[in-house]
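We did not get these values from a lab; they are worked out from the coordinates using the rules stated. Nothing here was measured: the structure is a model prediction, and the numbers come from that model. No Cβ is skipped: glycine too gets one built from the backbone with ideal geometry, and neighbour counts run over all protein chains shown.
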Amino acid sequence: MNSRRQFLRSSTALIALPLLESLGFRAFAAAKAVTPPKRMIFLGFGWGVTKETWFPDKTKTGADWQLPAGLKPLERHQKDLTVIQNLANKFTNEAHWGSTFWLTGANRYGEPGQSFHNSISADQVAAEVFGKDTRFTSLQLSCENGEESGHGPGLSLAWDRRGKPVSGFNNPVVTFHRLFSEEKTPLALRQAQLKQKRSVLDTVLDDAGSVARGLGKEDSDKLAEYLQSIRDIEVRLSKDEQWLDKPKPRPSADLPEPKGELAGYEEIKLAYALIAAALQADVTRVATYRQPVSSLLKSLKIPFSGHNLSHYSPGARMEASQLRDAKQAELLAGLLDQLKAIKEPDGSALFDHTTLAYGSNIQSIHYLDNCPTLIAGGGAGVKLGQSLVLSDPKTPLCNLWLTLLRGNGLDVASHGDSTGLIQELLA
């Protein structure tokens, strides 16, 4: 701390004064002018939406649009979000996989002889650049029983450059402690543990090198994949070592330590608060959330499973599906409130430097066209406050990811099956 920092003293307290220029803190004023970093949030859900009441009227586009009933809780944010229609992943053919290929646009059968193939997700493209300066390269939140929530294979929304799943936290309470709780293990012991892990990896790599000689092509490919996974672990260990002696930030008073188990509505609400807090504390700049649907329905006292709800028809199931949509929109509105309320050092809002995408691979039932898609936030500099219906009903969803990545300053030539930028979004 600067030796010229001034304090007010009383018989019971020691209170630090603000950083006043007249006391020698002109540098603080200059620091406030630094442009805040870019952030990206991807929120994915399974089982789709109620198509009759979630999508805006296609005849009223641009700024002359009305929020449909399924998005009505977002009304106070209408000028700061855009709903896009006619996006789809052309290779998607699994009506129960709401997020497996949502951010990748990969062809499941893209590798000859293999029944499953994926590629890097949009969030991880951003994380490779944005995550260099933060404690966590990216933050993945997920949920228990992903299949029940309509998600398909994967551990989170994130997939690495080899198309392998990236693990996530399934419990927001555990996530809170991972992000913000003080480490109980002494520093020296943690350093020794990391050193031991490195020693084990070195041994494995030495042994693998001797095994490699004389292998056939298929076995060589398998070994190469295994060795790459070891290198990925090395990268994570290097990241841990970099931040080992740096204390974790404390969350704001608005986010007290959660107690007990949470599920459904309250679980999502806490997860959103954690995302906002993590971005505010700059422990990460990229976050994804593979959201629970099954537990959300239970918390809303909805007696149908997510799968049965997606096969709605007029009556009780359709009404329940509409209630789910409204509650999901209500939660999203709360997250946007938080992002707008958090102020950056330069006085702007966190929302102004964040790109948020919200949606699913599934429209409803088994329909995989017109993926539900909503974007918000000023980070990518795209046009907001509009209902956008693209002229091509099979516009690649990856065109949106490419547009958002480019808008965040990332030098990306293409992504997944993209064919170009969405010009209607460009300011």
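The table for this structure:
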{"quantity": "Rounded if a/c under 1.5, otherwise prolate or oblate - the stretch 67-133, Cα gyration tensor axes", "calculated": "oblate"}
{"quantity": "Mean Cβ count within 10 Å, highest first, over the residues of peptides 73-85, 327-339, 355-367", "calculated": "355-367, 327-339, 73-85"}
{"quantity": "Cα centroid of the stretch 121-176 to Cα centroid of the stretch 51-73, whole Å", "calculated": "30"}
{"quantity": "Sum of side-chain charges, GLN386 neighbourhood, beta-carbon under 10 Å (Lys, Arg +1; Asp, Glu -1)", "calculated": "0"}
{"quantity": "Shape category assigned to the stretch 80-175 from the gyration tensor of Cα positions, a/c cut at 1.5", "calculated": "rounded"}
{"quantity": "Net charge of Cβ neighbours under 14 Å - reference SER360; Lys, Arg +1; Asp, Glu -1", "calculated": "0"}
{"quantity": "Whether the stretch 322-417 is rounded, prolate or oblate, judged on the alpha carbon gyration tensor where a/c under 1.5 counts as rounded", "calculated": "oblate"}
{"quantity": "Pair VAL34, ALA413: separation of 7 Å Cα→Cβ label points (nm)", "calculated": "3.4"}
{"quantity": "Computed lengthening from LEU300 to GLU111, 0.36 nm per intervening residue step minus Cα-Cα distance", "calculated": "63.9 nm"}
{"quantity": "Of LYS72/LYS301; LYS90/LYS298; LYS51/LYS394; LYS132/LYS327; LYS51/LYS90; LYS246/LYS269, pairs whose Cα-Cα distance is over 24 Å", "calculated": "LYS90/LYS298; LYS132/LYS327; LYS246/LYS269"}
{"quantity": "Packing rank of 278-289, 58-69, where each peptide gets the mean count of other beta carbons within 10 Å, highest leading", "calculated": "278-289, 58-69"}
